[in-house]
Amino acid sequence: RLLFNLEVHGKMDNTGYCSESFNSLTDDVPPLDRDYGGSYGAGDGSNGVPKLMDLLDEPVPGVGTYEDFNTIDWVREKSKDRDHHREIATKSKESALALMKSISDAFSGWLLMLLVGLMSGALAGGIDISAHWMTDLKEGVCLNGFWFNHEHCCWNSNETTFQERDKCPNWKSWAELIVGTNEGPFAYIMNYLMYVCWALLFSFLAVSLVRAFAPYACGSGIPEIKTILSGFIIRGYLGKWTLIIKTITLVLAVSSGLSLGKEGPLVHVACCCGNILCHLFTKYRRNEAKRREVLSAAAAVGVSVAFGAPIGGVLFSLEEVSYYFPLKTLWRSFFAALVAAFTLRSINPFGNSRLVLFYVEFHSPWHLLELIPFVLLGIFGGIWGAFFIRANIAWCRRRKTTRLGHYPVLEVLVVTAVTALLAFPNSYTCMSTSELISELFNDCGLLDSSQLCNYANVSVTKSSSDALPDRPAGQDVYTAMWQLSLALVFKMLITVVTFGMKVPSGLFIPSMAVGAIAGRLLGVGMEQLAYYHHDWVIFRGWCSPGADCITPGLYAMVGATACLGGVTRMTVSLVVIMFELTGGLEYIVPLMAATMTSKWVADALGREGIYEAHIRLNGYPFLEPKEEFSHKTLAMDVMRPRRSDPPLSVIMQDGMSVEEVESLIAETSYSGFPVVVSHESQRLVGFVQRRDLVISIENARQHQEGVVSASRIFFTEYTPPQPPNSPPPLKLRGIMDLSPFTVTDHTAMDIVVDIFRKLGLRQCLVTHNGRLLGIITKKDILKHMAQMANRDPDSILFN
């Protein structure tokens with residue numbers, strides 16, 4: 001039979017990206033309230049047909065809503081929104097109260113954006129402060145108050161010296177508290193042991209909370225949000241339980257020292273805030289398309305608070321996650337991102353008036369010839385991105401298809417133990433990844449006490465610039481280079497197995513760390529080359545002795561950009577985010593050069609970014625807007641039923657009883673049925689959704705007197721005269737879409753794919769000379785595209 005169910009409900013488990021081994025969790029925040037009235041069918045109001053109150057005077061609860069794991073009908077939702085606006089505009093002329101309601105309806109979108117920005121900014125500030133404190137808790141505790149992190153504890157101390165700013169009597173390492181000294185092998189082993197134990201405790205709490213309360217809280221969340229924004233419904237994914245557990249477990253996962261970031265999950269947290277706050281406003285609660293406009297703005301808010309980059313956040317939402325992004329959403333995203341950044345700045349989580357931990361300012365300009373190493377970093381970023389995607393997808397596929405997926409808690413604990421055991425001996429992997437990036441981005445000054453800045457002393461003349469001249473590297477710098485090289489290999493390998501585990505895990509920070517390490521290594525190498533060989537042709541003329549030619553921190557920043565671009569394939573938004581991080585306008589060209597090189601190299605090695613690869617791995621019904629359909633096939637090649645299939649399941653407009661329709665529904669799992677004049681003519685009348693049909697018949701049986709199994713169902717405008725003593729008929733024209741999208745059987749599939757992408761259709765009917773031939777669903781298109789790409793078409797199943 002025609003496979004018209006976007007997702008076959010009986011065969012799907014409510015698990016998704018994160019929960020092969022988790023029990024599904026229903027959420028009590030449904031995408032649409034059951035008490036929604038509105039118009040009956042998709043076509044009402046948009047096709048000139050008056051609204052018919054057929055069953056009762058009141059609209060039927062639940063009609064016009066969607067099942068879980070189904071795709072929304074964008075055309076119907078937009079039509080519903082236009083009807084809502086017309087109704088309000090008409091009523092606003094009748095009374096002052098109606099006018100006030102009209103104004104509040106128009107203002108509700110901006111108020112909702114304000115609330116989303118405030119809530120997301122406050123949560124992000126809390127996450128930053130908590131993660132900072134719990135990360136330091138692995139190393140020691142503050143005697144003044146256990147709630148102070150290391151930095152705040154030493155701020156309050158009057159005995160701290162500038163040279164030893166990290167050492168103060170108020171902060172005690174675990175070895176000092178337990179064995180009384182911080183020197184010697186026993187103290188080192190004690191600190192090592194406590195570090196591993198705290199890491200295991202944090203990760204165990206994180207994975208246990210996710211498993212017990214909110215399976216959807218794991219992972220990054222961006223692949224699912226992209227799918228939801230394209231119109232798919234994953235009920236509970238953006239609910240209040242997911243928000244609470246994701247917020248708590250994100251802090252725990254980051255604090256455990258695993259190679260993951262909080263930036264991707266913060267997008268998920270912001271979208272949860274947006275979804276929950278939508279329920280305060282009728283316009284957004286009742287319309288799935290309007291809600292997705294809010295979620296697009298919320299995604300921008302997530303990046304705004306993650307990086308302190310409001311404009312970068314708006315561009316990220318536009319470039320990377322949004323499927324439908326009208327101009328109005330652009331303005332609202334901008335406003336929401338502004339409010340969120342302002343809220344985070346007010347909280348001041350890092351105590352330095354900056355929105356991120358690794359804010360930097362560089363003082364020396366870059367030279368044209370430096371574009372060569374910048375492009376080399378771009379090539380490295382592209383190769384690393386392609387390698388990471390292939391390795392991570394292979395590992396995640398192994399997790400899905402083998403027994404590994406049955407032991408999520410054990411997997412997290414083993415990876416945490418390996419990470420902690422290998423990370424502690426190396427000071428660059430022992431610190432949090434944000435602090436590592438901050439140190440790598442840092443431009444060495446006279447007051448820096450870092451190993452990376454321990455250059456041999458040369459006489460420094462005070463100039464108008466704050467920059468120091470290039471100097472020969474000291475022994476500590478060479479030691480740091482070895483440690484960073486080991487850290488690079490460690491981060492590259494451990495991130496592959498960490499991303500996709502059953503804890504909240506972002507990818508931005510680990511990818512940036514890999515690139516920043518590579519960039520800093522290259523930057524120091526270039527700096528020493530310029531110092532010892534300033535008479536070489538490439539340095540002559542712009543790098544004289546005593547000048548500050550090379551900034552290793554800039555190379556780290558370019559490397560971080562290149563690696564993040566290679567993994568995610570972002571371009572414009574990535575450059576703007578990095579530019580907002582550094583506040584340096586003059587470094588836009590190096591960032592652009594590295595980003596474009598990285599994207600070209602990564603695209604040459606594999607077309608998909610990490611999020612698209614995870615969407616495909618999980619079988620989400622997502623039509624990638626960037627992917628071209630280049631095959632010469634026709635609608636008749638893709639439509640159902642095929643020649644060997646049973647005939648199409650249809651409903652007659654005036655010839656079927658309630659019992660016949662109910663048996664058709666019971667025997668099939670399709671999401672809807674075409675309505676035709678008769679079996680003989682097969683002339684198309686409209687289309688009716690399965691859910692609307694079930695709800696309407698149930699409602700009629702309960703509330704309409706005399707409706708029995710023998711009652712006839714009519715989809716016609718006028719009910720023909722009934723024989724005497726026959727039960728009352730059931731008129732369901734109001735739930736029928738009178739203008740379903742149709743194409744002819746000879747329409748090229750590239751046009752059909754474009755129609756599905758641009759209009760967000762659930763299904764399209766195929767006709768020949770006005771007679772109904774078959775149907776094409778979004779899932780049929782995805783299966784066809786998989787087949788054309790020599791992939792398994794059955795992989796397009798949400799599992």
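The values are calculated or read from the model by the stated rules, or taken from the named source; none is laboratory data. Owing to the predicted nature of the structure, the values given are computational and were not obtained by experimental measurement. Every residue, glycine as well, gets a Cβ built from its backbone with ideal geometry; the counts of neighbours run over all protein chains shown. Keep in mind that these areas ignore ligands, DNA and RNA; they rest on the heavy atoms of the full protein, side chains included. Shrake-Rupley method; radii C 1.70, N 1.55, O 1.52, S 1.80 Å.
Two decimals is fine: what is log10 I(q)/I(0) at q = 0.16, 0.19 Å⁻¹ for segment 157-294, from a Debye sum with one equal scatterer on every Cα and no solvent?
-0.86, -1.05
Work out, step by step, the length gained on full extension between Trp600 and Gln722: first 0.36 nm times the residue separation, then minus their alpha carbon distance; give nm to one decimal.
36.9 nm
Restricting attention to the alpha-carbon atoms of segment 210-360, what are Rg (one decimal) and Dmax (integer), both in Å?
In Å, with Rg to one decimal and Dmax whole: 14.9, 45.
Relative to the Cα centre, what is the charge dipole magnitude of segment 635-789, using +1 at the beta carbon of each Lys and Arg, -1 at the beta carbon of each Asp and Glu, and rounding to the nearest 20 debye?
Its charge dipole is roughly 420 debye.
Using the Cα atoms of segment 635-789, I'd like the radius of gyration and the largest Cα-Cα distance, Dmax, both in angstrom.
When restricted to Cα atoms, segment 635-789 yields Rg and Dmax of 17.0, 60 Å.
Take the Cβ-Cβ distance between His768 and Glu698 as r, set R0 to 35 Å, and report the resulting FRET efficiency rounded to the nearest 0.05.
0.45
Filter Lys78/Lys101; Lys80/Lys778; Lys283/Lys783 down to the pairs with a C-alpha to C-alpha distance above 30 Å, please. Before the final figure, lay out each step's value.
Details: Lys78/Lys101 21 Å; Lys80/Lys778 22 Å; Lys283/Lys783 35 Å.
Lys283/Lys783, as the Cα separations exceed 30 Å there.
Could you check the simple spin-label distance between Lys167 and Val418, using points 7 Å along Cα→Cβ, in nm with one decimal?
Computed distance between label sites Lys167 and Val418 equals 3.6 nm.
Under a plain spin-label model, where a point goes 7 Å from the Cα along Cα-to-Cβ, how far apart in nm are Leu143 and Trp482?
Between Leu143 and Trp482, the label points sit 3.6 nm apart.
Let a ≥ b ≥ c be the square roots of the eigenvalues of the Cα gyration tensor of segment 584-715; is it rounded (a/c under 1.5), or, if not, prolate (a/b larger than b/c) or oblate?
prolate
Which ³J(HN,Hα) values, rounded to whole Hz and listed in residue order, are derived for segment 677-685 from phi using the Karplus coefficients 6.51, -1.76 and 1.60 in 6.51 cos²θ - 1.76 cosθ + 1.60 with θ = phi - 60°, glycine and proline given as x?
Each residue's phi maps through the Karplus curve to give 5, 6, 4, 6, 7, 6, 6, 6, 10 Hz.
Could you state the orientation-averaged shadow area of the convex hull built on the Cα atoms of segment 59-110, in nm² to one decimal?
The directionally averaged projection comes out at 5.0 nm².
Starting from a Cα-only point model with no solvent, please compute log10 I(q)/I(0) by Debye for the chain at q = 0.07, 0.10, 0.11 1/Å.
Log-scaled intensity ratios, in q order: -0.59, -1.05, -1.21.
Suppose R0 equals 25 Å. What FRET efficiency, 1/(1 + (r/R0)^6) with r the Cβ-Cβ distance, do Ile244 and Trp110 give to the nearest 0.05?
My answer for the efficiency is 0.40.
Put +1 on the Cβ of each Lys and Arg and -1 on the Cβ of each Asp and Glu in segment 182-310; which of Ala289, Gly264, Thr247 then has its Cα farthest toward the positive end of the dipole?
Toward the positive end, the furthest listed residue is Ala289.
Among 103-113, 612-622, 177-187, how do they line up from the highest to the lowest mean number of other beta-carbon atoms within 10 Å?
Result, highest mean Cβ count within 10 Å first: 612-622, 103-113, 177-187.
For Lys167, go through the lysines and keep the ones whose alpha-carbon is under 20 Å away, minus same-chain ones fewer than eight residues off.
Lys138
Estimate the FRET efficiency between Cys197 and Leu369 by the formula 1/(1 + (r/R0)^6), using the beta-carbon distance for r and 56 Å for R0, to the nearest 0.05.
It comes to 0.65.
What is the set of long-range amide H partners of Leu773 at a cut-off below 5 Å, with H atoms built 1.01 Å from backbone N?
Val766, Thr767, His768
May I ask you to rank Lys101, Lys328 by accessible area, largest first, using a 1.4 Å probe over the protein chains only?
Lys101, Lys328
Tell me, what is a quarter of the convex hull surface for the C-alpha atoms of segment 526-615, in nm² with one decimal?
7.2
Which value, in debye to the nearest 20, describes the size of the charge dipole of the chain about its Cα centre when Lys and Arg Cβ atoms bear +1, Asp and Glu Cβ atoms bear -1, and nothing else is charged? The partial results should precede the final answer.
Details: 68 positive and 75 negative charges, 248 e Å.
It works out to roughly 1200 debye.
Using only alpha-carbon positions, what ratio does the radius of gyration of segment 286-418 give when scaled by 2.2 N^0.38 Å? The partial results should precede the final answer.
On the way: Rg = 20.4 Å, N = 133, 2.2 N^0.38 = 14.1 Å.
For segment 286-418, the normalised Cα radius of gyration is 1.44.
For segment 635-789, what is the percent of antiparallel DSSP beta bridges, rounded to the nearest 5?
Values: 17 of 24 bridges.
Of the beta bridges lying entirely in segment 635-789, close to 70 percent run antiparallel.
Can you give the extra length, in nm with one decimal, that the chain gains between Arg643 and His746 once fully stretched, where that is 0.36 nm per residue apart less the Cα-Cα distance?
Here the segment from Arg643 to His746 would lengthen by 35.5 nm.
Hey, rough spin-label estimate for Asp792 and Glu667, points 7 angstrom out along Cα→Cβ, what's it come to in nanometres?
For the pair Asp792/Glu667, the computed spacing is 3.2 nm.
Can you give the net charge of the other residues whose Cβ lies under 12 Å from the Cβ of Thr433, counting K and R as +1 and D and E as -1?
Details: positive: Lys262, Lys491; negative: Glu263, Glu435, Glu439.
Surrounding charge for Thr433 is -1.
Which residues in segment 707-725 have a backbone N closer than 14 Å to a point placed 7 Å from the Cα of Glu659 along the Cα-to-Cβ line?
708-713
Once you list every other residue whose beta carbon is under 13 Å from the beta carbon of Ala666, what net charge do they have if Lys and Arg are +1 and Asp and Glu are -1?
After counting each charged neighbour, the total is -3.
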